[in-house]
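Colleague: Here you go, one structure.
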Amino acid sequence: MSSVLSDLRYAARELRRRPGFAATAILSLALGIGATSAVFSVIYGVLLNPFPYVGADRIMQVSIEDAQGRTRYPGMSASELDALRQVQGVESVVGENGWALTTTDGDIPENVEASYVTPNAPNPWGVPALLGRWLIPADAPPGQDAAPVTVLGYAFWQRHFSGDPLVIGKTIQFVRKTYTIVGVMPPRFKWRDPAEVYMPLAMKDQPNTYYGVLLKLKPGVSTERANIALLPLTQQFAKAAPDRYPDSAFTVRLRSIVELYARPMGPKLLLLFGAVVTLLLIGCANVSILLLVRGANRQQELAVRAAIGAGRGRIVRQLLTESLLIGACGASLGALLAWQGLRLIKTWIPTNSFAAESVIRMNVPVLLFSASLAVLTAVVFGLWPALQLSRPDMARVMQASSRRVMGSAHGRRTHRVMIVAQVALTIVILGVSGAAAKGFLRMTMADLGYEPARVMSVPIPVHDGTYQTWAERTAYFDRLLQAVGSLPQVEMVGISTNATPPSNGGDTRVDIFGVSALDKPVVRSNFISPAYFPLLHIPLVQGRLWTDDENRRGTGVAVINQTMARQYWPNGDAVGHQIRFDAIKDEPPYSPMAAGGDGWLQIVGVVADARDDGLRNPIKPAMYVPYTLKLQMFTQILVRTRVPPLSTLRDIREQLARVDHDQQVMQVRDLTTWITGSAEYAQQRLVANLFGVFSVLALLLSAVGLYSVVSYGVTARTNEFGIRMALGARTADVVRLVLSSTYSNVGAGLVAGLVACVALDRVSAQWVTESSRDPIILGSVTIVLLLVAALACFVPARRAAGIQPMEAVRHD
C-alpha cells in the first residue's frame, strides 16, 4: 500500500512539474469523453428509447399514398373502425379526437388540451396509471354518451392540483360540465402531446364525423403483411366515401410512431455522433502524441533507473500510475463536461422535432465506455517508453541523449502517422461544419416575402356545441376582431385560419375553368381575411383584394400568388379566371360553409410570393380565399402591434373575455418565434452550432499536437541547428527547415482529409443541406488549418532560430 501511495505522490509531482503537459493531456481526453457521452445520450433518448410504451414499434398510424407519392391520413367513421378490428393481424384499434377545452370552475379560464380516445382495457400503450385507472369500456358503452370521467396527464396534475395524491374521485369542470377524475398517468405518458387530459370517446356514426386511427399490430406481424391485409378493406371505404380518398389508385402504408416521431431527427443526430467520435479520436491521438514526446524526453531517465537496479516491472508500475492518474483526471473532467454539455444541447435541440415522451439524460454506459477508451489510450502510450526499454542496448541509451534515441526513424514515423491522422480528421469536421454553417446562413437570409416583426398569432378554439351555424360563427369572429382591434397598442388585426407562414395552407386539388377535368393541379389553399396581406406586408401586384363586405358574405372570390399565376397563366391574364375547390363541402356543425361556397371562385388579384413550404423549399402555387367560405372550429387572429406583441397579450385576453367569458386562447407566439421555433430552423441551428464548437475544439487539439511534435523536434535537433548556425545558416533558413519538415505531414493529412470530405459529401449533404465539397468551403477550411498549423509551428521554429551555436554545442 505504501508503494502505491509513493507512486501516486511521485506521479502527482511529475504532473505538477509539467503543468502545460498535464493540462493539455487531461483536457484532450475530457473534451472527447464529454462530447461523445453528451451527444450519444441525446441519441439514446430520442432514437433508441423514445417511448415508454410496450411494443411501440407495433403502434401504427394508417396512411394512404396516391400514385404521385402524396401521403394523407384519412379519418374513419365508427363503423369503419369496427371493420378494422376484424382484420387479421390487428391486436387493437383506437379511435381518437382532440379538442381544446376551458376550465370553468375557477376565476380565470385556463386552456386545456383534451385527447378523446375509445376506452380499452388494458390500454394499448401498455402503461398503467400512476394513480387510479385508465379509461375502460364501461366509460363509453356502445350507442350511449360517454361517462363524465377524465384521466389527467402528469404535468396537468402537477400544475393544476399541485400533485395532490388524493385527487382520484375529485371533480373538475370543463366548459360548464363536471367530470370525475378517475386516474393520473405517469410522467412519460404524453400521448398526443400537448394533450393534458384524456376523455372517453363515444363512437357514433354521425354525418361529417370522422376519427383519427391508432392501430396496434399483433407480435410477429410485419408492416408489409398488414398493408396488404388492409388494402381491400380501405378500397371498400373509398367506394363508400370517395371524397375522402384519392381519385386514382392508392396503397395503404402503415407507419409506426417510432418512424413518424423518433426517426426524423435521427440522421442529424447520427451525423453529430460521427463528429464527436471523430473529436474523441483526435483527443486520443493528441494524448498519444503528448505521451510519446514525454516518453522520449524520459528515455534517458528510465535507462538510468534500469542501470542502477530498477526492475522493468517497477518502471512499468510507475508509468502505469502516472498514465492512470492522467486518465482518471481526464475521465472525471470529461464526466463533468458531459453533464454540462448535455444541458447545453438540450437547450438547443428543437423540442418539436422528436417524441414528447423522449427523456434525454446522461447515458452512463456510454460515459463509461468513452472514459475507458480514453484511459486505455493514456495507459498504452504512457507505457510505451517502458516497453521500449526491453529492446535497445542499455549502454547505447546511457551514452546517447534521449533525443537521438527517440529521434530515430521509428519515433519520427509514429509522430508522422499521428499528425496526419489528426489533420485529416480535423479537415473532415471543418468541412462538414462549413457546410452546416452555410446551410444555416442561407436559411436565415432567405427572402420570406412577408414581414414577421411585431406580429403574433393568437389561436382561438371554438367550443363544441357553440356558434354552430355559419351566421353565428361569422358574427362571433367579427366581434372578436373588433374587440382586439380596438386596443390602442394594436395596429391591425386579421384572420389566418391555416395561413400562418412560412409553412402554411393545405394541399388541395382545384378545377380551372376551361381546362380539362383530368388536369387538376394541387395548390396550397389558405383561408384568411382581407387584412391578412397588408398586415404581413405582402404586396398586391395585380388586380384587387376582396372587401370586408365580400368577406362577411362569403363571396366566391380568390387571390393567387405569383407562382401560381406564372405556372397556369404565363401570359399574365390570371385575373378574371375561375377556379373551384375539388372537395370542399358543407360539414355542419363543425365546419359550416357559406351558401355557394362550393361553387366557382373568381380570381380577383395576384399577390407577391411569400414562403408557404418552409424556409428551404421552393414556394408552392397558392390561393387565398375568404375564411368565411368554410368556417373551422379553430382559427387564429393575427395581430400587428405598435409595441412588442406579447406585451399586449393580457389586454387581448381581457377583450376576448368581454365577447365570451369562456373563450380561451391556446399557445400564443410571435411570428419571429414561429420561424425560429420551426423544426427545420432549429435543427439546422443545432447542427451548425454543435459542429462549430466541435470544429474549434478539433483545431485546438490539432494545434496542440503539432506544437508538441515540433517542440520536441526542435529540442532533439538543438545540436544540428547550432552547427548550421555556426556554419552560416540564417534565421530564416532554420525556420524554413523546421516548418518544411512539419508541413510535409500537415500536407499529407490535408490531402487525406480533403479526399475524405469529397468521399463523404453525399452522406453529409443530405443532413446539413449543403455540399461539403463546395470549393469555397474546402478552400476556406484549408486556409484555416494551414494558418493554425503555421501558428502552432512558428513559436518552436522561432526558438530554434534563436539557438546560440556555443549553447548548442554544450547541450549534450
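The values are calculated or read from the model by the stated rules, or taken from the named source; none is laboratory data. Please read these numbers as outputs of a predicted model, since none were measured by experiment. Don't worry about glycine lacking a Cβ; one is built from the backbone with ideal geometry, like all the others, and counts go over all protein chains shown. When the accessible area is computed, the model is the full protein with side chains, heavy atoms only, and any ligands, DNA or RNA have been set aside. Shrake-Rupley method; radii C 1.70, N 1.55, O 1.52, S 1.80 Å.
Colleague: Assuming Pro128 fulfils every condition listed in (1) modelled with pLDDT under 90; (2) outside any strand (DSSP E or B) apart from one, which condition is it?
Modeller: Unmet for Pro128, out of (1) modelled with pLDDT under 90; (2) outside any strand (DSSP E or B): (1).
Colleague: In region 459-478, what count of residues is obtained for those that are assigned to a strand (DSSP E or B) and either in contact with a helix residue (DSSP H, G or I) (Cβ under 6 Å, 6 or more places away or on another chain) or not β-branched (Val, Ile, Thr) (or both)?
Modeller: 2
Colleague: Right, something else. If you check every pair at least six apart or on different chains, which have Cβ atoms under 6 Å apart with a residue in region 564-582 that is over 14 Å from Gly605 (Cα atoms) first and a residue that is among the hydrophobic types (A, V, I, L, M, F, W, C) and surrounded by fewer than 17 Cβ atoms within 10 Å (Cβ to Cβ) second?
Modeller: Here the result reads Arg580/Trp600, each pair linking region 564-582 to a residue that is among the hydrophobic types (A, V, I, L, M, F, W, C) and surrounded by fewer than 17 Cβ atoms within 10 Å (Cβ to Cβ).
Colleague: So, of the residues in region 186-200 that are under 27 Å from the mean Cα position of the chain (by Cα) and over 21 Å from Met666 (Cβ atoms), which turns out to be least open to solvent (accessible area, probe 1.4 Å)?
Modeller: Ranking the qualifying residues of region 186-200, first place goes to Phe189.
Colleague: Same structure again: Just the residues that are within 22 Å of Asp670 (Cβ to Cβ), open to solvent by 20 Å² or more (accessible area, probe 1.4 Å) and not in a loop (DSSP other than H, G, I, E, B), please, taken from region 619-644.
Modeller: Within region 619-644, Phe634 is the sole residue that qualifies.
Colleague: With Val755, Val746, Val768, Val781 as the choices, which residue is more than 18 Å from Met418 (Cβ to Cβ), of a type outside the set (D, E, K, R), at pLDDT 80 or above and touching a helix residue (DSSP H, G or I) at 6+ places or on another chain (Cβ under 6 Å)? Walk me through it before giving the result.
Modeller: Working: Val755 fails: touching a helix residue (DSSP H, G or I) at 6+ places or on another chain (Cβ under 6 Å); Val746 fails: more than 18 Å from Met418 (Cβ to Cβ); Val768 fails: at pLDDT 80 or above.
Result: Val781 is the single residue among Val755, Val746, Val768, Val781 that is more than 18 Å from Met418 (Cβ to Cβ), of a type outside the set (D, E, K, R), at pLDDT 80 or above and touching a helix residue (DSSP H, G or I) at 6+ places or on another chain (Cβ under 6 Å).
Colleague: In region 389-404, is there at least one residue being modelled with pLDDT under 75, in a helix (DSSP H, G or I) and open to solvent by less than 40 Å² (accessible area, probe 1.4 Å)? Full working, then the answer.
Modeller: Our first condition is that a residue be modelled with pLDDT under 75; within region 389-404, this holds for 389-404.
Restricting the remaining residues to those that are in a helix (DSSP H, G or I) gives 394-399, 402-404.
Going one step further and asking which of them are open to solvent by less than 40 Å² (accessible area, probe 1.4 Å), we end up with 397, 402.
Within region 389-404 (the criterion being modelled with pLDDT under 75, in a helix (DSSP H, G or I) and open to solvent by less than 40 Å² (accessible area, probe 1.4 Å)), the answer is yes, since at least one residue qualifies.
Colleague: If you scan region 520-541, which residues turn out to be assigned to a loop (DSSP other than H, G, I, E, B), at negative phi and not aliphatic (A, V, I, L, M)?
Modeller: Once the filter is applied, which keeps residues that are assigned to a loop (DSSP other than H, G, I, E, B), at negative phi and not aliphatic (A, V, I, L, M), region 520-541 yields Lys520, Pro521, Ser529, Pro530, Pro539.
Colleague: Quick check on region 574-590. Is at least one of its residues aromatic (Phe, Trp, Tyr) and either assigned to a strand (DSSP E or B) or touching a Ser or Thr at 6+ places or on another chain (Cβ under 9 Å) (or both)? Please lay out each step first, then the result.
Modeller: Going residue by residue through region 574-590, those that are aromatic (Phe, Trp, Tyr) are 581, 590.
Now restrict to residues that are either assigned to a strand (DSSP E or B) or touching a Ser or Thr at 6+ places or on another chain (Cβ under 9 Å) (or both): 581, 590.
Yes, there is a match, as at least one residue in region 574-590 is aromatic (Phe, Trp, Tyr) and either assigned to a strand (DSSP E or B) or touching a Ser or Thr at 6+ places or on another chain (Cβ under 9 Å) (or both).
Colleague: Filter region 83-112 down to the residues that are touching a residue at least 60 places away in the same chain (Cβ under 8 Å) and over 30 Å from Phe156 (Cβ atoms), then identify the one that is most open to solvent (accessible area, probe 1.4 Å).
Modeller: Per the criteria, the residue is Gln88.
Colleague: Does region 203-224 contain at least one residue that is assigned to a loop (DSSP other than H, G, I, E, B), touching a Leu at 6+ places or on another chain (Cβ under 7 Å) and open to solvent by 20 Å² or more (accessible area, probe 1.4 Å)? I'd like the intermediate steps shown before the answer.
Modeller: Within region 203-224, the subset assigned to a loop (DSSP other than H, G, I, E, B) is 203-210, 218-222.
Filter once more, keeping what is touching a Leu at 6+ places or on another chain (Cβ under 7 Å): 203.
Checking which are open to solvent by 20 Å² or more (accessible area, probe 1.4 Å) leaves us with 203.
Yes, there is a match, as at least one residue in region 203-224 is assigned to a loop (DSSP other than H, G, I, E, B), touching a Leu at 6+ places or on another chain (Cβ under 7 Å) and open to solvent by 20 Å² or more (accessible area, probe 1.4 Å).
Colleague: Shifting gears a bit: So, Thr150, is that one open to solvent by 60 Å² or more (accessible area, probe 1.4 Å) and assigned to a strand (DSSP E or B) or not? I'd like the intermediate steps shown before the answer.
Modeller: Working: open to solvent by 60 Å² or more (accessible area, probe 1.4 Å): no; assigned to a strand (DSSP E or B): yes.
It is false that Thr150 is open to solvent by 60 Å² or more (accessible area, probe 1.4 Å) and assigned to a strand (DSSP E or B).
Colleague: Which of the residues spanning region 28-54 are surrounded by fewer than 23 Cβ atoms within 10 Å (Cβ to Cβ) and in contact with a Leu (Cβ under 8 Å, 6 or more places away or on another chain)?
Modeller: Result: Ile43, Leu47.
Colleague: When you look at Ala386, is it at pLDDT 70 or above and buried (at least 21 other Cβ atoms within 10 Å of the Cβ), yes or no? Full working, then the answer.
Modeller: Numbers: at pLDDT 70 or above: no; buried (at least 21 other Cβ atoms within 10 Å of the Cβ): yes.
No, not satisfied.
Colleague: Then there is this: So which residues in region 536-550 are more than 11 Å from Gly605 (Cβ to Cβ) and over 40 Å from the mean Cα position of the chain (by Cα), if there are any at all?
Modeller: Hits for region 536-550 are Thr547, Asp548, Asp549, Glu550.
Colleague: Next up: Could you please give the count of residues in region 556-577 that are within 40 Å of the chain's Cα centre (by Cα) and charged (D, E, K, R)?
Modeller: 1
Colleague: Of the residues in region 29-68, how many are part of a helix (DSSP H, G or I), among the small types (Gly, Ala, Ser) and more than 18 Å from Leu373 (Cβ to Cβ)?
Modeller: Number of matching residues: 2.
Colleague: To continue, here is another question. For region 172-185, name all the residues that are more than 35 Å from the chain's Cα centre (by Cα) and over 19 Å from Asn111 (Cβ atoms).
Modeller: Once the filter is applied, which keeps residues that are more than 35 Å from the chain's Cα centre (by Cα) and over 19 Å from Asn111 (Cβ atoms), region 172-185 yields Thr180, Val182.
Colleague: I would also like to ask the following. Would you check which residues across region 167-178 are surrounded by 21 or more Cβ atoms within 10 Å (Cβ to Cβ) and at pLDDT 95 or above and list them? Working first, answer last.
Modeller: Residues of region 167-178 that are surrounded by 21 or more Cβ atoms within 10 Å (Cβ to Cβ), as a first pass: 172, 174.
Answer for region 167-178, where residues must be surrounded by 21 or more Cβ atoms within 10 Å (Cβ to Cβ) and at pLDDT 95 or above: just Ile172.
Colleague: Restricting the search to region 425-484, which residues are under 30 Å from Ala594 (Cβ atoms), under 25 Å from the mean Cα position of the chain (by Cα) and among the hydroxyl-bearing types (Ser, Thr, Tyr)?
Modeller: Residue satisfying the conditions is Ser457 alone.
Colleague: Just to be sure I understand the filter: pairs with C-beta atoms under 7 Å, separated by 6 or more residues or on different chains, first member in region 36-62 and more than 18 Å from Met265 (Cα to Cα) and of a type in the set (Phe, Trp, Tyr), second member assigned to a loop (DSSP other than H, G, I, E, B) and at pLDDT 90 or above. Which pairs pass?
Modeller: Hits for this filter: Tyr53/Trp125; Tyr53/Gly126; Tyr53/Val127.
Colleague: With the checklist (1) at pLDDT 75 or above; (2) part of a helix (DSSP H, G or I) in hand, flag the one item Glu720 doesn't pass.
Modeller: Looking at each condition in turn, Glu720 falls short on (1).
Colleague: Kindly indicate the residue of region 593-618 that is of a type in the set (Asp, Glu) and open to solvent by 10 Å² or more (accessible area, probe 1.4 Å) and also farthest from Arg553 (Cα to Cα) among those meeting that condition.
Modeller: Residue satisfying both the conditions and the ranking: Asp613.
Colleague: Same structure, new question: What about Ile315, is it aliphatic (A, V, I, L, M), at pLDDT below 75 and in contact with a Leu (Cβ under 8 Å, 6 or more places away or on another chain)?
Modeller: Numbers: aliphatic (A, V, I, L, M): yes; at pLDDT below 75: yes; in contact with a Leu (Cβ under 8 Å, 6 or more places away or on another chain): yes.
Taking the combined requirement at face value, the residue satisfies it.
Colleague: A follow-up question, please. Which condition does Thr474 not pass, out of (1) under 24 Å from Thr102 (Cβ atoms); (2) open to solvent by 50 Å² or more (accessible area, probe 1.4 Å); (3) touching a Lys or Arg at 6+ places or on another chain (Cβ under 7 Å), if it passes all the others?
Modeller: Tallying (1) under 24 Å from Thr102 (Cβ atoms); (2) open to solvent by 50 Å² or more (accessible area, probe 1.4 Å); (3) touching a Lys or Arg at 6+ places or on another chain (Cβ under 7 Å), Thr474 fails exactly one: (2).
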